[in-house]
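Student: Okay, here's the structure, questions in a sec.
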Amino acid sequence: MFCSFFSVVNFVQSTVFRLLMTLSDIGSFSGNVHVLLYAEAVTRLSPESCQRMADVKAVDVLFTLMRHCNRSLPHMELLKYALAILLNLSKV
């Protein structure tokens, strides 16, 4: 059975949004980076996902996450993805 492209995109979007909304609850740092990496790819490729992220107040979650970062290299990587997501959101 073949999946349509749109069903795959909807699945990825819903998964990323669910993970992004629970981002502050994820205890592992690598889990946060992976969620942001996927969210960055989805927002870069889909303008609809950018609108959906704005609707679910994902920007507030990103800013909260950014406020908890320090100047260490792992946190800089996390900030890089969070800023890329915000940049993608601003282009729409």
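The values are calculated or read from the model by the stated rules, or taken from the named source; none is laboratory data. Remember, it's a predicted structure, so these values are computed and weren't measured experimentally. Quick reminder, even Gly has a Cβ in these numbers, built from the backbone with ideal geometry, and neighbours come from all protein chains shown.
Student: If you go through segment 36-55 one residue at a time, do you hit one that is at pLDDT below 80 and of a type in the set (Val, Ile, Thr)?
Tutor: As a first pass, look at segment 36-55 and keep what is at pLDDT below 80: none.
No, segment 36-55 contains no residue that is at pLDDT below 80 and of a type in the set (Val, Ile, Thr).
Student: Quick one: which of 71, 52, 67 is basic (Lys, Arg) and surrounded by 15 or more Cβ atoms within 10 Å (Cβ to Cβ)? Give the steps one after another, and end with the answer.
Tutor: Values: 71 fails: surrounded by 15 or more Cβ atoms within 10 Å (Cβ to Cβ); 67 fails: surrounded by 15 or more Cβ atoms within 10 Å (Cβ to Cβ).
Among 71, 52, 67, only 52 is basic (Lys, Arg) and surrounded by 15 or more Cβ atoms within 10 Å (Cβ to Cβ).
Student: So, of the residues in segment 75-91 that are of a type in the set (D, E, K, R) and part of a helix (DSSP H, G or I), which turns out to be surrounded by the fewest Cβ atoms within 10 Å (Cβ to Cβ)?
Tutor: Applying the filter and picking the extreme gives 80.
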